[in-house]
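Right, one structure below, let's go through it.
The values are calculated or read from the model by the stated rules, or taken from the named source; none is laboratory data. What you are looking at is a predicted structure, and each value in this text was computed from that prediction instead of being measured. Virtual Cβ from ideal backbone geometry, glycine too; neighbours counted across all protein chains shown. SASA here: full protein model, heavy atoms, side chains in, ligands and nucleic acids out. Shrake-Rupley method; radii C 1.70, N 1.55, O 1.52, S 1.80 Å.
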Amino acid sequence: MSQQVSPRGTFLKVADELKARTAADPDMAELPSLAEVMREHKVSRGVALRAFGVLRQEGVAEPVPGGRWRVVRSGARVDGRPLDERIVDIIKAEGFEVGEAFLSATVLANRFGVSRPTVTKALEKLQTAGVLAGGGQGRVRTVRAVPTREERS
């Protein structure tokens, strides 16, 4: 009688491997994408999602809206705000003025450690809100309005 591999617990093995990888690489800021985990471990989407769930439950990683899962390091302070809010902070902090060319999606992706499509989604939100104008397919994106700091009472 031949032995068959039991699929039960496979997600735990994947989670353990991802935990070991984050522990071995202190510079690792985000987990591989779901597709990469599926391909690398030859598992289904459901198994990969369950593995990510284990990492979340154990406090090793957390989901990022519109981005990859972020590795949680003890003692490290992480800005959990949406990317579009953090981009607005750049406009304020770096003194961008109305009509001035804004940073490219590539520059922002490198700065925040996220993918260009993730940055593009955040920039589109800011365009819809009237903060930025233009952009896309090699066109320069410009600042349309400089947000003011919200006063809290």
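In region 16-28, the residues that are under 14 Å from Arg70 (Cβ atoms) and open to solvent by less than 80 Å² (accessible area, probe 1.4 Å) form Cβ pairs under 6 Å with partners that are of a type in the set (A, V, I, L, M) and part of a loop (DSSP other than H, G, I, E, B), at six or more places apart or across chains, as follows: Thr22/Met28. Applying a threshold of 7 Å to beta carbon distances and a minimum spacing of six or more residues, or different chains, the list of pairs starting in region 61-87 at a residue that is over 20 Å from Met28 (Cβ atoms) and acidic (Asp, Glu) and ending at one that is at pLDDT 85 or above and surrounded by 12 or more Cβ atoms within 10 Å (Cβ to Cβ) reads Asp84/Ala122; Asp84/Lys125; Asp84/Leu126. Looking only at residues in region 61-98 that are of a type in the set (Gly, Ala, Ser) and modelled with pLDDT of 85 or more, the one that is nearest to Val114 (Cα to Cα) is Ala61.
Which residues, counting only those in region 79-99, are surrounded by 12 or more Cβ atoms within 10 Å (Cβ to Cβ) and within 14 Å of Val140 (Cβ to Cβ)?
Scanning region 79-99 gives a single hit, Phe96.
For region 43-130, the helices (runs of 4 or more DSSP H) that sit wholly inside it and include 3 or more residues that are more than 22 Å from Ala145 (Cβ to Cβ) are 45-57, 105-112, 116-128.
Is one or more of the residues making up region 39-57 of a type in the set (Asp, Glu) and at pLDDT 90 or above? Within region 39-57, one or more residues are of a type in the set (Asp, Glu) and at pLDDT 90 or above.
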